[in-house]
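K.L.:
The structure under discussion is supplied below as structure tokens; questions concerning it will follow.
The values are calculated or read from the model by the stated rules, or taken from the named source; none is laboratory data. Note that the coordinates shown come from a computational prediction; the quantities given were computed from them, not determined experimentally. Heads up, the Cβs are rebuilt from the backbone with ideal geometry, glycines too, and the neighbour counts pull from every protein chain shown.
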Amino acid sequence: MFRFLTAGESHGPGLTVIVEGVPAGVSLTEEYIATQLARRQRGYGRGGRMKIESDFAEIRGGVRLGETLGSPIAMWIENKDFANWTEAMAIAPPEGQVDRKANTRVVPGHADFPGALKYMAHDMRNVLERSSARETAARVAAGAVARRFLEELSISLHSQVVSIGEVEADVSLDADWDAVEASEARAADPATGEKFIAAIDAAKDARTTIGGVFQVVAKGVPVGLGSHIQWDRKLDGRIAQAMMSVNAVKGVEIGRGFANTRRPGRDVHDVVVPDPSDPRRFARRSNEAGGIEGGMSNGEPIVAYVAIKPIATMTDPLPSVDINTGEVMEAPYHRSDICQVPPACVIGEAMMALVLAHAALEKFGGDHINETRRNLAGYIASHQEFGGGAAAPGGE
Ligand SMILES: Cc1cc2nc3c(=O)[nH]c(=O)nc-3n(C[C@H](O)[C@H](O)[C@H](O)COP(=O)(O)O)c2cc1C
């Protein structure tokens, strides 16, 4: 079974990640993972923390001489900022009085209020340390492992910003992805990128924050990942859950799910045509479904649109309360991002990679990557039984 877990606090010593279920024989280096972590750290609108951190995941197990062993892959990402928090975030009980950097004023929209009451946290630092998006560095490290495995199956992932506030991009699945990577706002079109940056600057000047929508695309996904037969096996449901679990994400569409509700059915379904040159022996005239029908990948690119809210922490804070005294006062301001949409793209890619790696291993299995690849090739060959191709074994 493929699974992953993360541990660690935002200002603690670091983040721990364990990824289990990756077959043996997949080449994997710390440098490959570092490339993905660096992508998460870029992006216009980020706050001061990213100037302190330069994330690097040390592999502590599961890899030998550049190849996965089939055993759990353990990784450690040091928090450089911990140097400024050694007292407040010490593991050992304090000796005498220490500056706990306690947090008692609620930030509306953050995890503070429900977390305080649920975990009986009179110091809400105990909640915000883990609800901080610092944890997503660990997910990107896990996602990098999943991505490397998916590359072995010729599956690739991309992402771009669709909108920031009211500014919208005209996005394409065949975007110039190198241009997206080079853009601070993750926009393929430089003029749109400038408009995104202007919207982020305007939010900063207004002492507020700004959200947006991003798109994640997976190409080369074979038909048949996920299943229609049970609610928790549906691939669209699994992708939606994974995306929704990213901090500040409040909406997920597969294809243009919401916009398509305003169009007639005739315009939103993807006609099937014979195509012996396609490994599926069929092609689709369009991809309004976003690559998933009946909870199964249909062989078209998988496309998810993800809505992310404006950040809750603002330089001009909302009215709020002290959680312990009930006194009315302003929410606190801690060093914060203005816009997290560009880095969230990279986190979305990681989540998509983790879901697809899991689904691919369910379908093709394999303790060594050669076995996985052999199973995939055999399965793809079986599509020849359809669409007037070779007769089905045992058929008439
Ligand atoms: C990449 C990224 C960076 C974020 N940076 C901040 C931040 O600097 N300040 C903040 O208050 N929230 C930030 N958030 C959002 C909070 O983590 C999130 O709003 C909080 O955990 C509450 O969870 P919810 O919004 O999912 O309900 C960030 C989210 C992401 C994805």
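K.L.:
Is segment 333-341 home to any residue that is in contact with an Asp or Glu (Cβ under 8 Å, 6 or more places away or on another chain), touching a residue at least 60 places away in the same chain (Cβ under 8 Å) and buried (at least 20 other Cβ atoms within 10 Å of the Cβ)? Reasoning before the result, please.
P.N.:
Initial filter on segment 333-341 (in contact with an Asp or Glu (Cβ under 8 Å, 6 or more places away or on another chain)): none.
Checking segment 333-341: not a single residue is in contact with an Asp or Glu (Cβ under 8 Å, 6 or more places away or on another chain), touching a residue at least 60 places away in the same chain (Cβ under 8 Å) and buried (at least 20 other Cβ atoms within 10 Å of the Cβ).
K.L.:
Further question: Could you tell me how many of the residues in segment 17-32 are crowded, with 18+ Cβ neighbours inside 10 Å and over 17 Å from residue 360 (Cβ atoms)?
P.N.:
2
K.L.:
Let me ask something else. For the list (1) of a type outside the set (A, V, I, L, M); (2) part of a loop (DSSP other than H, G, I, E, B); (3) within 15 Å of the ligand (Cβ to nearest atom), I need the number of the one condition that residue 320 fails.
P.N.:
That leaves (2) as the condition not met.
K.L.:
Could you check segment 306-317 and list, in sequence order, the residues that are among the charged types (D, E, K, R) and within 11 Å of the ligand (Cβ to nearest atom)? Spell out the reasoning first.
P.N.:
Within segment 306-317, the subset among the charged types (D, E, K, R) is 309, 316.
Correct list: 309 only.
K.L.:
Out of 145, 140, 161, 167, I need the residue that is surrounded by fewer than 24 Cβ atoms within 10 Å (Cβ to Cβ) and among the β-branched types (Val, Ile, Thr). Which one?
P.N.:
Numbers: 145 fails: surrounded by fewer than 24 Cβ atoms within 10 Å (Cβ to Cβ); 140 fails: surrounded by fewer than 24 Cβ atoms within 10 Å (Cβ to Cβ); 161 fails: surrounded by fewer than 24 Cβ atoms within 10 Å (Cβ to Cβ).
Just one listed residue meets the conditions, 167.
K.L.:
Out of (1) surrounded by 21 or more Cβ atoms within 10 Å (Cβ to Cβ); (2) away from the ligand (no atom under 15 Å from the Cβ); (3) among the acidic types (Asp, Glu), the odd one out for residue 327 is which?
P.N.:
The number of the failed condition is (1).
K.L.:
Still on this structure: Of all residues in segment 40-68, count the ones that are of a type outside the set (Ser, Thr, Tyr) and within 14 Å of residue 148 (Cβ to Cβ).
P.N.:
So the first thing to find is which residues in segment 40-68 are of a type outside the set (Ser, Thr, Tyr), and the list is 40-43, 45-53, 55-67.
Filter once more, keeping what is within 14 Å of residue 148 (Cβ to Cβ): 57, 59, 62-63, 66-67.
Within segment 40-68, residues that are of a type outside the set (Ser, Thr, Tyr) and within 14 Å of residue 148 (Cβ to Cβ) number 6.
A quick yes/no check of all residues on (1) farther than 30 Å from residue 45 by Cα; (2) in contact with a Gly (Cβ under 9 Å, 6 or more places away or on another chain):
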position	(1), (2)
250	no, yes
265	yes, no
271	yes, no
301	no, yes
326	yes, no
340	no, yes
347	no, yes
350	no, yes
356	no, no
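K.L.:
Pairs needed: first member in segment 121-147, over 9 Å from residue 33 (Cβ atoms); second member anywhere, among the basic types (Lys, Arg) and more than 10 Å from the ligand (Cβ to nearest atom); C-beta distance under 7 Å; at least 6 residues apart or different chains.
P.N.:
Going by the 7 Å Cβ cut-off, the qualifying pairs are 123/100; 125/101.
K.L.:
May I pose another question? For residue 100, state whether it is at negative phi and modelled with pLDDT of 95 or more.
P.N.:
Values: at negative phi: yes; modelled with pLDDT of 95 or more: no.
Judged against the criteria, residue 100 is not a match.
K.L.:
Where in segment 205-305 are there strands (runs of 3 or more DSSP E), lying wholly inside it, with at least 2 residues that are within 26 Å of the chain's Cα centre (by Cα)? Step through it out loud before you land on a result.
P.N.:
Numbers: elements: 212-219, 249-254, 272-274, 282-284.
Per the criteria, 212-219, 249-254.
K.L.:
Would you check which residues across segment 330-349 are closer than 19 Å to residue 238 by Cβ and more than 11 Å from the ligand (Cβ to nearest atom) and list them?
P.N.:
Of everything in segment 330-349, just one residue is closer than 19 Å to residue 238 by Cβ and more than 11 Å from the ligand (Cβ to nearest atom), namely 349.
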